[in-house]
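Please treat every number below as a calculation from the coordinates, not as lab data. Please read these numbers as outputs of a predicted model, since none were measured by experiment. Ideal geometry is used to build each Cβ from the backbone, glycine not excepted, and the neighbour counts take in all protein chains shown.
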Amino acid sequence: MKPTPKEAAAMAAHVYGDKKDNILIGGWRVSQRDFGSNVQLEDKASGFKSQVYERVVDGKVTEYAYATAGTEDLAKDGVADVAQPLGASSQYSLSAANATEISKQLGDTELTYTGHSLGGGLAALNSNLTRREAITFNAAGVGAATKFLNGKNNSDMKGWFGGFTATFRTEGLINAYIMKTDPLNIAQDKSLLMPDVNGKRHTVWPTSASSVYNGHSMDNMLKEFGINPKKYAK
């Protein structure tokens, strides 16, 4: 069993830190498992923020999800969005290291990645490096240089070969949900310099005025999945 798009959207919103825990649905909660010092969920210097979630069924943990936050602080994350096509973003490196360690510890247990905006790009790279599924929302595209450098430096891959492997891997494990009015993906689709979103595209059509005028917002994405963000605001 894997998270539904609606469940993943709730986690991709919750990881920002401005939503109450009861926005999580389907038996999901913030994970109580300790993954050790090799997993750094937050880095204030770069603006990186992430969280591990677990689904509980009949009192037992059945699977996990690793969510990465997106462009919450433009002064910090905006730099990462620009630097990423050149492979220079520290957020991508930290996210990749976390995902590799979490995936290794979980072994055969189900693990899915999710995130919005920059966080969606982080989730896509995590999927690429660990061969686990990802569900992304209005994601930033991951460029070839980022794939190569993180593959090359990944602890589970082998140098230059790992870099080339990550660069040319297929992206069938990634499902990308994109609001039709999302300015980021509109720009990515038109630009020769910005990488396109990764994975299989699923278009989300706006049904409210706010989604039309602010198609990148995670709150508006929540609305399209039937979740009222105001109800869960802290």
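Annotations for the structure displayed:
- Exposure proxy ranking, count of Cβ atoms within 10 Å, fewest first, for Asp182, Asp34: Asp34, Asp182
- Ignoring lysines fewer than eight residues from Lys190 along the same chain, the ones with Cα atoms less than 19 angstrom from its Cα are Lys180, Lys200.
- Sorting the segments 91-98, 114-121 by their residues' average number of neighbouring beta-carbon atoms within 10 angstrom, most packed first, yields 114-121, 91-98.
- Highest to lowest packing among 10-18, 225-233, 100-108, scored as the average C-beta count within 10 Å: 10-18, 100-108, 225-233
- Evaluated at q = 0.08, 0.14 Å⁻¹, a Debye calculation over the C-alpha positions of segment 5-232 (equal weights, vacuum) places log10 I(q)/I(0) at -0.25, -0.81.
- Peptides ranked, highest mean first, by Cβ atoms within 10 Å: ranges 143-154, 169-180, 54-65, 208-219: 143-154, 169-180, 208-219, 54-65
- Treating r as the C-beta distance of Lys230 and Asp34 and R0 as 30 Å, the FRET efficiency rounds to 0.35.
- For segment 162-234, average projected area of the Cα convex hull in nm²: 6.9 nm²
- Beta bridges per DSSP, both residues in the chain: antiparallel share near 40 percent.
- Once C-alpha pairs closer than 8 Å and six or more residues apart are averaged by separation and normalised to the residue number of the chain, the relative contact order reads 18 percent.
- Those aspartates and glutamates that a straight Cα-Cα span of less than 20 Å connects to Lys60, excepting residues fewer than 8 apart in one chain: Glu7, Asp21, Asp34, Asp108, Glu110
- Stokes-Einstein diffusion coefficient of segment 93-152, Kirkwood radius over Cα pairs, 37 °C, 0.692 mPa s, in µm²/s: 290 µm²/s
- Long pairs among Lys6/Lys231; Lys147/Lys234; Lys19/Lys104; Lys19/Lys49, criterion Cα-Cα beyond 24 Å: Lys147/Lys234; Lys19/Lys104
- Under 17 Å from a label point set 7 Å out along the Cα-to-Cβ vector of Asp156, the amide N atoms of segment 37-71 belong to 38-40, 52-53, 63-68.
- Helical segments meeting 20 Å axial Cα length and Kyte-Doolittle -0.5 threshold in the chain (DSSP H): 90-106
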